[in-house]
1. Carbon and sulfur atoms: what percent of the 1.4 Å accessible area of the chain do they account for?
2. Considering only C-alpha atoms, what is the centroid distance from the range 139-171 to the range 99-122, in Å?
3. Residue 205 to residue 178: extension gain in nm, 0.36 nm per residue of separation minus the Cα-Cα distance?
4. Taking H as built 1.01 Å from N, whose amide H comes closer than 5 Å to the amide H of residue 100, not counting residues under 5 places away?
5. In square angstrom, what is the accessible area per residue of the range 113-185 with a 1.4 angstrom probe?
6. Would you compute, for the Cα atoms of the range 141-204, the largest minus smallest coordinate along each principal axis and list the three values in descending order, in whole Å?
7. Go through the cysteines of the chain and tell me which have no other cysteine Cβ under 4.7 Å away.
8. Label residue 38 and residue 7 with points 7 Å out from Cα along Cα→Cβ: what is the distance between them in nm?
Amino acid sequence: MKKIDAMGMVCPRPVIETKKVLRTEEGKDGVTVLVDNEIATQNLSKMAEGMNLESSVKKISDTQFEVEIVSKKDGKDNTEGMTTGTSQETVASSVRKGTYALAVGSEKMGEGAEELGKKLMGSFLYSLTEQDELPEIIVFYNSGVKLACEGSPVLEDLKSLSDKGVEIMSCGLCLDYYGIKENLKAGSVTNMYRILEVMRTYHTVKP
């Protein structure tokens, strides 16, 4: 059984890394995941339930837990048709683009503490790269355009999404306002007419 050390990983990394292994040949016999908090054990158990797998949690200490995930005794699980192998080409070929667009109007997610909001946005975009159904287009506007510019902590995630066929666009007026148009590193510049067109045409999701 494959063992995954997810100690110290911030949500949702333990779930994502575990799902990656379960999709490969080495995860076919199940996995044992080490995590350092109870929330992670709950998230892993919910993921297992969603994949029709069995899970059990063992508390080793207040800061160490072991989650075992295996196929149900009836042998049926929801991993059929998932990617096997670990190459980027194979993973990319299993991804479907959906009929929705993502509109990001801020460099942070939600209200409240700014630092937390930026971390949540980073976690959101990283999680997006691991979805089986991706948006057709991602539109950045207002301070959201900073995420597509030099120095952004999510540039690698945006590059990954672009490589998978997701179109990435940033509002030109917004880039000019913040004086960072020359620093754009992901996707292309667009205008409000096109942004409105996208939001009118596609089911639009906002983080």
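1. After summing per-atom areas, the C and S share lands at 48 percent.
2. Using only Cα atoms, the two centres lie 12 Å from each other.
3. Between residue 205 and residue 178, full extension yields an extra 7.3 nm.
4. 136
5. Accessible area per residue, the range 113-185: 48 Å².
6. Cα extents, longest axis first: 31, 29, 14 Å.
7. 11, 149
8. 2.1 nm
The values are calculated or read from the model by the stated rules, or taken from the named source; none is laboratory data. Keep in mind the model is a prediction, meaning the values are calculated, not measured. Neighbour counts are summed over all protein chains in view; Cβ atoms, including those assigned to glycine, are modelled from backbone coordinates with ideal geometry. Remember, those area values only see protein heavy atoms, side chains included, never the ligands or the DNA or RNA. Shrake-Rupley method; radii C 1.70, N 1.55, O 1.52, S 1.80 Å.
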